[in-house]
Amino acid sequence: MKKEQLDELLESVQQGGAILRGEATPSRVFELPTPAERQAPSRQFAICVETDDPALIVPRKIYQVTRLDDRVRVVDEAGEAAVYPVEYFILIDLPQEIERALLNVSQ
């Protein structure tokens, strides 16, 4: 790095430090739009209604899935995490005691 570039970088870092400490104001400010808040993917139960490989996901079986927009993440019969179209499943709401029972059975 050339001395001129190093001096310019050092001056910039010193100015940045002064701005962070509140001793100076920035010469320009960029406003970036805040991205829409993303919620953590929700886990729920779903019944498989379609499959492209019955050895990996079984029709009429209940799975715990994580919803990812138009897809769901599921642990398949091989024990691997896989992503499938949401159309392969019917998402269902179950009473808490049934959800707890299903979670206890799967452990």
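The values are calculated or read from the model by the stated rules, or taken from the named source; none is laboratory data. Just so it is clear, the structure is predicted and the values come from calculations on it, not from any experiment. When we count neighbours, we look across all protein chains shown, and the Cβ atoms used for this are built from the backbone with ideal geometry, even at glycine.
When Ala36, Ala46 are checked against the criterion of being under 30 Å from Val83 (Cα atoms) and either over 30 Å from the mean Cα position of the chain (by Cα) or surrounded by 11 or more Cβ atoms within 10 Å (Cβ to Cβ) (or both), a single residue qualifies: Ala46.
Within the range 50-83, no residue satisfies the criterion of being in contact with a Phe, Trp or Tyr (Cβ under 8 Å, 6 or more places away or on another chain), over 19 Å from Leu102 (Cα atoms) and among the aliphatic types (A, V, I, L, M). Candidates Val65, Val105: the one that is of a type outside the set (Ser, Thr, Tyr) and either touching a strand residue (DSSP E or B) at 6+ places or on another chain (Cβ under 9 Å) or in contact (Cβ under 8 Å) with a residue 40 or more places away in the chain (or both) is Val65.
Being outside any loop (DSSP other than H, G, I, E, B), at pLDDT 90 or above and in contact with a strand residue (DSSP E or B) (Cβ under 9 Å, 6 or more places away or on another chain), is that true of even one residue in the range 48-56? Yes, the conditions are met somewhere in the range 48-56. Quick check on Arg21: is it exposed (fewer than 10 other Cβ atoms within 10 Å of the Cβ) and at pLDDT 90 or above? So Arg21 fits the description; yes.
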